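What follows is one structure encoded as structure tokens, with my remarks underneath.
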Amino acid sequence: MALALSAVTYLVHDYDEAIQWFTQALGFTLLEDAALGGGKRWVRVAPAQTSAGFILAKASDGAQQRAVTKAAGGRVAYFLYTDDFATEHRRMTVAGIRFREKPRHEAYGTVAVFEDLYGNGWDLIEPVKTSSP
């Protein structure tokens, strides 16, 4: 059996604000939202074209609360790929997502860093298309 990454934990301050941001600003799909008791929920979101996504986990103590805004220690933590950078960049900007920089062209593709609802860095990337022989 081959391994496949299914989900990554994404710490949030509030389930509903995070669901709203992921589904409305990023256009992700809410795959699951189930009460687990004690105020905990099993919430899973993912981009429409993939099954891998995030488990939204509500921070439960002071250390977790502080970690919500410090994914990857302040570096870009997440990489979101698209096959149409211009359209996604425009849609995300209209949705209120704050980009830290103007789009730039790198050897690997077109990229711009944006912030999530907690200020964590993400790359929006349209990879360079490689031609088949």
Can you confirm whether LEU80 is outside any loop (DSSP other than H, G, I, E, B) and under 25 Å from TYR15 (Cβ atoms)? yes
Among (1) in contact with a strand residue (DSSP E or B) (Cβ under 9 Å, 6 or more places away or on another chain); (2) within 23 Å of THR9 (Cα to Cα), where does GLY73 come up short? (1)
For the stretch 87-133, which positions are exposed (fewer than 11 other Cβ atoms within 10 Å of the Cβ), of a type in the set (A, V, I, L, M) and either over 28 Å from LEU11 (Cβ atoms) or modelled with pLDDT under 95 (or both)? ALA107
Just for the stretch 10-51: of the residues that are within 11 Å of the chain's Cα centre (by Cα) and in contact (Cβ under 8 Å) with a residue 40 or more places away in the chain, which one is farthest from LEU117 (Cα to Cα)? GLY27
Which condition does VAL45 not pass, out of (1) surrounded by fewer than 18 Cβ atoms within 10 Å (Cβ to Cβ); (2) farther than 20 Å from PRO127 by Cα; (3) of a type in the set (A, V, I, L, M); (4) modelled with pLDDT of 95 or more, if it passes all the others? (1)
Can you tell which of ALA7, ALA72, ALA59 is surrounded by 15 or more Cβ atoms within 10 Å (Cβ to Cβ) and closer than 17 Å to ASN120 by Cα? ALA59
Residue tally, condition under 16 Å from GLY39 (Cβ atoms) and not in a strand (DSSP E or B), over the stretch 56-70: 5
All but one of (1) surrounded by 13 or more Cβ atoms within 10 Å (Cβ to Cβ); (2) over 13 Å from the mean Cα position of the chain (by Cα) hold for ALA2; state the number of the condition that does not hold. (1)
Which residues, counting only those in the stretch 22-67, are among the small types (Gly, Ala, Ser) and under 23 Å from PHE99 (Cβ atoms)? ALA25, GLY27, ALA46, ALA48, GLY53
Within the stretch 83-133, considering residues that are small (Gly, Ala, Ser) and part of a loop (DSSP other than H, G, I, E, B), the one nearest to LEU56 (Cα to Cα): GLY119
Working only within the stretch 3-34, note down all residues that are assigned to a helix (DSSP H, G or I) and aromatic (Phe, Trp, Tyr). TYR15, TRP21, PHE22
Among the residues of the stretch 85-106, are any under 13 Å from LEU26 (Cβ atoms) and in contact with a Gly (Cβ under 7 Å, 6 or more places away or on another chain)? no
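The values are calculated or read from the model by the stated rules, or taken from the named source; none is laboratory data. Only a predicted model underlies this, so the values are computations on that prediction, with no experimental measurement involved. Glycine gets a Cβ as well: all are built from the backbone with ideal geometry, and neighbour counts include every protein chain shown.
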